[in-house]
Every structure is written in structure tokens, then in C-alpha cells.
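> Please find one structure pasted underneath; my questions will follow.
The values are calculated or read from the model by the stated rules, or taken from the named source; none is laboratory data. Note that this is a predicted model, so its numbers are computed, not measured. Don't worry about glycine lacking a Cβ; one is built from the backbone with ideal geometry, like all the others, and counts go over all protein chains shown. Heavy atoms of the whole protein, side chains included, go into the accessibility calculation; ligands, DNA and RNA do not. Shrake-Rupley method; radii C 1.70, N 1.55, O 1.52, S 1.80 Å.
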Amino acid sequence: GLYRSAQTMETIQAWCKSIKHASDGRMITGAHWAVGDGGCQLMNTSPWIDFGGGPGTYFNRRPGGHRRLDFIGEDLRRNGKWFFEEMDIRTKFYGAHFQGADTIEKTLSVLKRTHAQISTQGVGGYWYEFRSSCYAYPAIWRLFRKQAEISELHARDDRTMPARIAVIYGNQGLTKSTGDMRTSVLCRLGAPYHAMRFNTLMASDPATLSYNMYIFIGK
């Protein structure tokens, strides 16, 4: 598993490097993959990779849940990288049998929650529905139009999420934060936090570390 993961990341880096050379550094390069620890670590250190994308967590997606979206954002921002979160929303039309959004009302609640998280956490995300019947409901289209208007307004503002709590992971364990019980509790409490690797913390300018609490998890 470790070999295949490393091979994938090295292949992505090789393609990005080729594009950078061919464009004299003008092109922005990256890839979509389900980010593992090695992938995120390579993003942080590679001069050829600007961004990555993929699903963050499969936990707490059902109605009433609160899943963390910006789970590696601070770590990447401090290394000059971007990450686009895959919302991976479960609706009445896809995955309702194990995530509980089995009605239009619950589907709308999940869509509203996710948009609210994107707006308040300052993250970038994407989602698409695998079942075309999703788009046959006028209520969903009305919601999308309203959310598009809100997004236009939010795009003009500073949406940096202030945080006084820093969750520090060992250099091999950051992406495991999404299912960790301790960070899940912070999410449910509505306590914003930044997550980063220990190496990123040590390399940061102390003037930028305005945290009141540090929680160290992992090795």
C-alpha cells in the first residue's frame, strides 16, 4: 500500500514538473486524488505542485452531523498550497440508505449546512450528484439560486476563519484528523480550530501563531 501510494504521488509530481517546465512556470499545476498522508506531505514540499483536491472525511455527513471541511487547509496555506474539498454529500438520490437523507426536506438541510460551512470557513469545495433525478426538484433549484447569490457576496469578503485552538499532528498523521473523536467533538461544539503537522508548526513565524490552546495528537 505504501509503495503504490508513493508511486502515485511521484507520478503526479513528475507530470506537474513537466507542465511547469513546458510553460516556463506559468501554469498552475495539481491533481485530484483521495489525499493520504504521503500525498499531503508531498504537496507541502514539492515546488511543482500548487494544489490538490479530494474527499476529506466520510464521517458525520447525515442530517444533524457536522463534518469538518477545512481539515488540512491551515497546513497547506502555511506552505503556500491550495486544496479543494470534495463535499461528497449524501442525498435522497445517492447514499440515503446509510446516511439518512431519505427525504427532500433532509436533502435540503444537508445542502444548506454544507453551503453554510463553505461560507463561514472560507473553504473551496465541489460536489456533483450521480443521480440526475436530483435536478428534477424545483426546491433544489431554488435553493441553488439563493446560495449562488450568497456566494457572490461572500466572495468579496475576507472569509479567513479565526481560530484560537491548534491541533498538531505528527508528520505522518494529519489527514487522520477527520475521523478523530477529539476533533469531531470540537466540530460539534462549534469550536473553530486549525490543524497542522508538527513540522509546519515548528517552521512557522511565532508572530503568526495566535493560539491560546495547542492539542498534540499522534506521533
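> Kindly check whether there is at least one residue in region 131-143 that is under 24 Å from K81 (Cα atoms), open to solvent by 30 Å² or more (accessible area, probe 1.4 Å) and assigned to a helix (DSSP H, G or I).
no
> Tell me, which residue of region 78-87 that is out of contact with any Leu (no Cβ under 6 Å at 6 or more places or on another chain) and either at pLDDT 85 or above or open to solvent by less than 20 Å² (accessible area, probe 1.4 Å) (or both) is nearest to D205 (Cα to Cα)?
Among those residues, the one meeting the criterion is R78.
> Ok, one more. How do the pairs read when you match residues in region 83-95 that are under 15 Å from Y126 (Cα atoms) with residues anywhere that are outside any loop (DSSP other than H, G, I, E, B) and aromatic (F, W, Y), using Cβ under 8 Å and keeping only pairs 6 or more apart or on different chains?
Every condition considered, the pairs that remain are F83/F51; F84/F51; F84/Y126; E85/Y126; E86/Y126; M87/Y126; R90/F98.
> Between a first residue in region 186-203 that is more than 14 Å from P162 (Cα to Cα) and part of a strand (DSSP E or B) and a second residue that is modelled with pLDDT of 85 or more and open to solvent by 60 Å² or more (accessible area, probe 1.4 Å), which pairs have beta carbons less than 7 Å apart while being 6 or more apart in sequence or on different chains?
M196/R78
> In this structure, is K92 modelled with pLDDT of 75 or more, open to solvent by 10 Å² or more (accessible area, probe 1.4 Å), farther than 17 Å from H194 by Cβ and of a type in the set (K, R)? Break it down stepwise before answering.
Values: modelled with pLDDT of 75 or more: yes; open to solvent by 10 Å² or more (accessible area, probe 1.4 Å): yes; farther than 17 Å from H194 by Cβ: yes; of a type in the set (K, R): yes.
Yes; evaluated as a whole, the condition is true for this residue.
> In region 122-146, how many residues are over 18 Å from A101 (Cα atoms) and under 13 Å from the mean Cα position of the chain (by Cα)? Walk me through how you get there before you give the answer.
The initial filter retains those residues of region 122-146 that are over 18 Å from A101 (Cα atoms), namely 122-126, 142, 145-146.
Remaining after also requiring under 13 Å from the mean Cα position of the chain (by Cα): 122-126.
Residues that pass the stated criteria total 5.
> Residue by residue through region 183-192, note down the ones that are touching a Ser or Thr at 6+ places or on another chain (Cβ under 8 Å) and surrounded by fewer than 21 Cβ atoms within 10 Å (Cβ to Cβ).
Keep residues of region 183-192 that are touching a Ser or Thr at 6+ places or on another chain (Cβ under 8 Å), which gives 183.
Within region 183-192, none qualify.
> Return the total of residues in region 87-121 being acidic (D, E) and within 22 Å of the chain's Cα centre (by Cα).
1
> Got at least one residue in region 49-67 being at pLDDT below 80, in a helix (DSSP H, G or I) and open to solvent by less than 40 Å² (accessible area, probe 1.4 Å)?
Within region 49-67, none of the residues are at pLDDT below 80, in a helix (DSSP H, G or I) and open to solvent by less than 40 Å² (accessible area, probe 1.4 Å).
> Look through region 144-171, keep the residues that are in a loop (DSSP other than H, G, I, E, B) and modelled with pLDDT of 85 or more, and return whichever of them is farthest from L76 (Cα to Cα).
Among residues in region 144-171 that are in a loop (DSSP other than H, G, I, E, B) and modelled with pLDDT of 85 or more, the one farthest from L76 (Cα to Cα) is R164.
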